[in-house]
1. So for the pair D273, N257, with labels modelled 7 Å out along Cα→Cβ, what separation do we get in nm?
2. Can you give me the accessible area per residue for the chain, using a 1.4 Å probe, in Å²?
3. FRET efficiency for E64 and F107, Cβ-Cβ distance as r, R0 = 22 Å, nearest 0.05?
4. Post the alpha-carbon centroid distance, the range 215-246 to the range 1-53, in whole angstrom.
5. If we count every other residue with Cβ under 14 angstrom of S275's Cβ, Lys/Arg +1 and Asp/Glu -1, where does the sum land?
6. Hey, what number do you get for the chain at 222 nm if only DSSP H runs of n ≥ 4 count, each worth -39500 (n - 2.57), divided across all residues, to the nearest 500?
7. Past the 31 angstrom mark, what percentage of all C-alpha to C-alpha distances in the chain do you count?
8. Over the Cα atoms of the range 180-268, what Rg and Dmax result, in angstrom?
Amino acid sequence: MDMATFTHIAPLLPADQAVLMRGPTGIGKSAMAKAIAEKLGIPMIDVRTAVMDEGTMGGIPNLEAIKETGVAHNAMYGWFVRGCKEPVLIFLDEINRAMLPVLQGAFQLVLDREMGNGPDGMPYKLHPETRILAAGNFGAEYESEDLDPAMQRRFMVVDLKPSTEDWLEWSKGKIDEVIREFIRNHPVHLRVDPATVEPGTICPNPAVWDRVSKCLTHAGMAPSVWAGGDAPRGAYSIAMGLVGPEASIALVDFAKNFETNISVEDILDRWEDVSEKVGAMATDRRFALADSMKEWVTENTLTLAQAANLGAWAETLGGEELVNLWTKISQCGNLDNIKAIHGHIGKAVVASVQKARAAGK
């Protein structure tokens, strides 16, 4: 399941339906948990089950209370107590790396939505609107165990398969724009499967690009600052330590030549100046530019001149590229923009589709 679909359906589920996210490390499971909590308007409590013991899951003896009541019972940890008092999203991270006693506590939490026992012998119950979301890194390259069938069947299990579009949507306003454009144009560097390389090889993944952006920005080396020129000393080394040499070389080269890349604003506002450069662009760059155009028309409104320039660009595209551009724009949700662009390229799109159908007969 892609990330956009998951963040849409997860908040629609009943609060008592626990969900297990499965997928390799670095694809954004923690970010998904935060996004779902924000969408629900409730706090997220991050519970790292891999570093927990029986006490931190099920509580420890409340010795002072025992003196007063003469009844032995456990004092529960704050993360669980808060989930009983108010609606929260309890995020059980790395659940398939947890010790057996912790897993047994998680089993009770998911199955019965309760744990421990008070002085009256009754268990403490979660708030009716508290939700449980778990995550695990599954695969042959991880030192972890699959959950047993009895526990796994208590969850709605979701195998997450992040796409470049998911990451680009999530990264708006969070990641340096040059890095975003780099991934848009070179999606192969978004994630490299660790199982396909030598053990110990540093590989990029969706989550680590956030750290690349933060580290370079903190060091005063944000790619958007020096794009179009030589990389400052140390920029490549910082990136290499996070995503490895191949992705770092590609990122530095992309940023160095960034001034030769055509932006959406170039198309819309300076078409006559850039038309020849656009015509010389590689096919993959034009497809990436269509993705950028979709973002722009989703968040902005075209002027008449911009719509005309967009139409002029569309006239230079081949059949498949033209249909791809129209498909992207049709998905933007901005009806005014869709109408404005349809007036310029609608007939050409219809003709292109008819021509493709005729060729297929």
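1. For the pair D273/N257, the computed spacing is 2.2 nm.
2. Ligands and nucleic acids excluded, the result is 51 Å² per residue.
3. E(calc), rounded to 0.05, equals 0.15.
4. 31 Å
5. Net local charge, S275 excluded: -3.
6. -15500 deg cm²/dmol
7. Looking at the chain, the distances longer than 31 Å represent 51 percent of pairs.
8. Cα-based Rg and Dmax for the range 180-268 come out at 13.4, 47 Å.
The values are calculated or read from the model by the stated rules, or taken from the named source; none is laboratory data. No experiment lies behind these values; they were computed from the predicted model shown. Counting neighbours? That spans all protein chains shown, and the Cβs are built from the backbone with ideal geometry, glycine included. Surface accessibility is based on the protein's heavy atoms, side chains included, excluding ligands, DNA and RNA. Shrake-Rupley method; radii C 1.70, N 1.55, O 1.52, S 1.80 Å.
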